[in-house]
Structures are given as structure tokens and as C-alpha cells.
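Below is one structure; the comments refer to it alone.
Here, each number is a calculation from the coordinates, and none is a lab measurement. Treat the numbers as computed from the prediction; the structure is a model and nothing was measured. Neighbour counts are summed over all protein chains in view; Cβ atoms, including those assigned to glycine, are modelled from backbone coordinates with ideal geometry.
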Amino acid sequence: MAVQNYDTAAGDGVAIGSPNVQGRIVVLPEQNDATDWHSYPSGQEYTVTALSHFHFRREVRNPDGSTSSEVYELQAGSTIKRVGPFEHRVTNLATTPAVFIKG
């Protein structure tokens, strides 16, 4: 997964996987770091679990061409779930690194 700063298109955020962890651990080190766009087909579930305080914006593109933006502020251990179809990306809004499990 590519992770770059939303404003400058630069950065070194990471997404790592492990056979013992369901999903991928994502680190967005700086404010405005964002994941790349991901597509979720109809019925596929998207889950985010915060591993630390996580203040973020989720931008969504829907199959009908409409778009939306949602802002969340999760505490460690909090989870959100959404079901496709949609395409989206996540941007760190905090001034501290964001760490979460996607999957």
C-alpha cells in the first residue's frame, strides 16, 4: 500500500502484514499522510481498528459517482466497519503518528 503526504505527495508511511495478524498494520507518521485509494466491491467489509488515538478523514467515492467525506476521532481499540461498494482513502488529521489495523 502506498502512503504519502496528501499535500506534498511525498512520504514514507508503511503498511505491514504478518501471518499472525489479520489485516495489515498501517502507520501514517505525519499529519496529512494518506493511504492510496482502495476499492471495495459490493458486500466486502472494510474494518479499521485504532491502535493509538486516530483522528482521520475518510474520503469516499461511490459507484454512482457521488462523493463524501467523513471525519472520525477513534481511541485505541475502537473499530469502525463499512460495507462496499465504494472506493476510499484515509488521511491522518492528527499532529502525531496514526497506527491502525486495516482488514
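Can you list the HN-Hα couplings for segment 40-57, worked out from phi with the Karplus curve (6.51, -1.76, 1.60; θ = phi - 60°), rounded to whole Hz and with x for Gly and Pro?
My calculation for segment 40-57 gives 10, x, 3, x, 6, 8, 10, 10, 10, 10, 6, 9, 8, 3, 9, 9, 8, 10 Hz in order.
Q75 to A94: extension gain in nm, 0.36 nm per residue of separation minus the Cα-Cα distance?
5.6 nm
How many percent of the alpha carbon pairs in segment 54-102 exceed a separation of 18 Å?
32
Quick one: which residues, 5 or more positions from H53 or on another chain, have an amide H under 5 Å from its amide H? H modelled 1.01 Å from N in the peptide plane, none for Pro or chain starts.
Close amide H contacts, sequence-distant or interchain: A76.
Ranked highest first by the average count of other Cβ atoms within 10 Å around their residues, in what order do 92-100, 74-82, 44-52 fall?
92-100, 44-52, 74-82
So if R0 is 25 Å, what FRET efficiency would N20 and V83 give, r being the distance between their Cβ atoms, rounded to the nearest 0.05?
The computed FRET efficiency comes out at 0.45.
What list of ³J(HN,Hα) values in whole Hz, one per residue of segment 66-74 in order, does the Karplus curve 6.51 cos²θ - 1.76 cosθ + 1.60 (θ = phi - 60°) give from phi, with Gly and Pro shown as x?
Result, ordered by residue: 6, 10, 8, 9, 10, 10, 10, 9, 9 Hz.
Please give the peptides 25-31, 84-90, 62-68 ranked by average Cβ packing (other Cβ atoms within 10 Å per residue), highest first, as a rough proxy for protection.
Put in order of decreasing packing, that is 25-31, 84-90, 62-68.
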